[in-house]
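See structure below.
The values are calculated or read from the model by the stated rules, or taken from the named source; none is laboratory data. From a predicted model like this one, the values you see are computed outputs, not experimental measurements. No Cβ is skipped: glycine too gets one built from the backbone with ideal geometry, and neighbour counts run over all protein chains shown. Keep in mind that these areas ignore ligands, DNA and RNA; they rest on the heavy atoms of the full protein, side chains included. Shrake-Rupley method; radii C 1.70, N 1.55, O 1.52, S 1.80 Å.
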Amino acid sequence: MADLWRIYSKPVPADGRELWTLFLQCSCITAVIGGLFYNWMFASLEYSWHLSVTMAACFSLLLLLTLFLVHPARCVFSMIMPTLGTRQGRKLLFSTCIMIAVVNITPNIISNIKTILQVIKCICKNSSDSLLNSTALLEKVSWEFGDAVQSFNSIYKPMNGHFRFSLLQNSSMIYQKMHLAGEKISREFLSVEVLVKDSIQVANRLAAGFFMLYLCFESTWYLKNYLTNLRFDNFYITKRLERLAMDRRAAHLLVGSSKKLIRPTDLKLSWDEVVLCLVRAMLVTVALLLLLLLLAMEHFAFSVADTAVSRAAQFSAVPVTLSIKYKVGAGGPALPSVSFREVELLLRDFNRTYHHHLIFSSAHCRISPPTPPNPSVLLVVGLLFCILYATVFMETFARRLCRGIAASFFQSWEEKRVLYLYRKLSRRHRKE
């Protein structure tokens, strides 16, 4: 492995064997990165299959030529991997979490809301049908009652007691209006769902592309500062520095400056680094709480939709009883020869009871079942946030690894940096 890394980090291959070894290394790296790039575009960013394949093939070919021919590009590319453990990698992971939420969580919430609206629409339609059917009952009652009134007595013939109901003639118009209102709500929800999904998808694609470019830019910026500024990120006790101090019999310089210098392989963090890690962890926690709020909304919408569907199926018909008690009497003179006195002549009683049921739910209603939350989404999001929390504490070590990669690619420049740091420590020791 050390020999392979030496060939990979060497500016120019020494012979044909190293040239072919470098080409095979670049080919393997390109194949792996091309596959990951295709999966990222197709599965995460949801580009089309043809565009993903084309972009992955072009990117792989360009990456192969760049890595094989350009030595600093190999260094920048190698530093991109540990840079994924820094804040730029966290931004990419945040972008992935947002895309997972858009693709999986948001449609579930909207689907469950649509189920609730379908339940409300079903209840309104069936209750309207029951009310309209009750007008038919009222019409039947009115005609029977009118016939009974007219047949009470042939002497006292009342006027026509029939009532006419015109509401039933407009039932089709009511159904049509309800159907149009339901279709309008469905179209509005569908347009909102498509708009939200497309907007967040475009924003996520732009953000992912920006973060990838900025990831390359940050690695390039680090290498540029490493090669142009001797003081940049130069406070490590490396093996070269220890060897130089031993050759010049100045090992005491490293012992006296142990509090200001760190070893690149040391796993200990300084107090400033611990505080910075805690601040980053708080930011990750805020993002986690926001995503958990969205997950809670998904579970709440599913719970409400499931309860609405189950309760709507349990709605029993409400019995309605219409009782009519009518008593007819007539007053007038009993006999012509007798003095006038009022007598009450009972003609007939009308006493009937009519039954009707108001139905609020029906098995014929088209209600889509509520969509339960996908447990795999919670698992993936939890795994991503575990990686995010890990990168918070690994960022310091990722930066140290970037310095080690740059030192292995530019060993002569690393010697100058070590010499500069040694002279700086010597001057500080003389002043003290």
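Counting only protein heavy atoms and a 1.4 Å probe, segment 1-69 has 62 square angstrom of accessible area per residue. Counting only protein heavy atoms and a 1.4 Å probe, segment 201-242 has 54 square angstrom of accessible area per residue. Using the Cβ of Phe210 as centre and a radius below 13 Å, the other residues enclosed give a net charge of +1, where K and R count +1 and D and E count -1.
Rounded to the nearest angstrom and ordered from largest down, what semi-axes does the equivalent ellipsoid of segment 383-432 get from its C-alpha gyration tensor (root of 5λ)?
For segment 383-432, the semi-axes come out at 33, 17, 4 Å.
When the P(r) is computed for segment 1-69, the part past 20 Å accounts for 38% of the Cα-Cα pairs.
The stretch between Met297 and Arg366, if pulled fully straight at 0.36 nm per residue, gains 22.4 nm over its current Cα-Cα span. Distance between the modelled labels on Cys58 and Ser426, one decimal in nanometres: 5.5 nm (7 Å Cα→Cβ projection).
Per atom type, segment 1-69 shows carbon and sulfur on 79% of its accessible surface, probed at 1.4 Å.
Computed with a 1.4 Å probe on the full set of protein chains, the accessible area for His356 sits at about 30 Å². The listed peptides 113-125, 223-235, ordered by packing as a protection proxy, come out as 113-125, 223-235 (highest mean of other Cβ atoms within 10 Å first).
Using a probe of 1.4 Å on the protein chains alone, the accessible area found for Leu388 is around 0 Å². The local environment of Ile120, defined by Cβ-Cβ distances under 13 Å, has a net charge of +4 under the rule Lys, Arg +1 and Asp, Glu -1. Note on Glu46 and Leu65: the extension gain reaches 4.1 nm, defined as 0.36 nm multiplied by sequence separation minus the Cα-Cα distance. Give me the percent relative contact order of segment 1-69, please, defined on Cα pairs under 8 angstrom at least 6 residues apart. Relative CO of segment 1-69 lands at 31 percent. Here the gap between Leu36 and Val192, fully extended at 0.36 nm per residue and compared with their Cα-Cα distance, gives a gain of 52.9 nm. A cut-off under 14 angstrom between Cβ atoms defines the neighbours of Tyr389, and their net charge, with Lys, Arg +1 and Asp, Glu -1, is +2. Per-residue SASA remark: His429, around 90 Å² accessible (1.4 Å probe; ligands, DNA and RNA not included).
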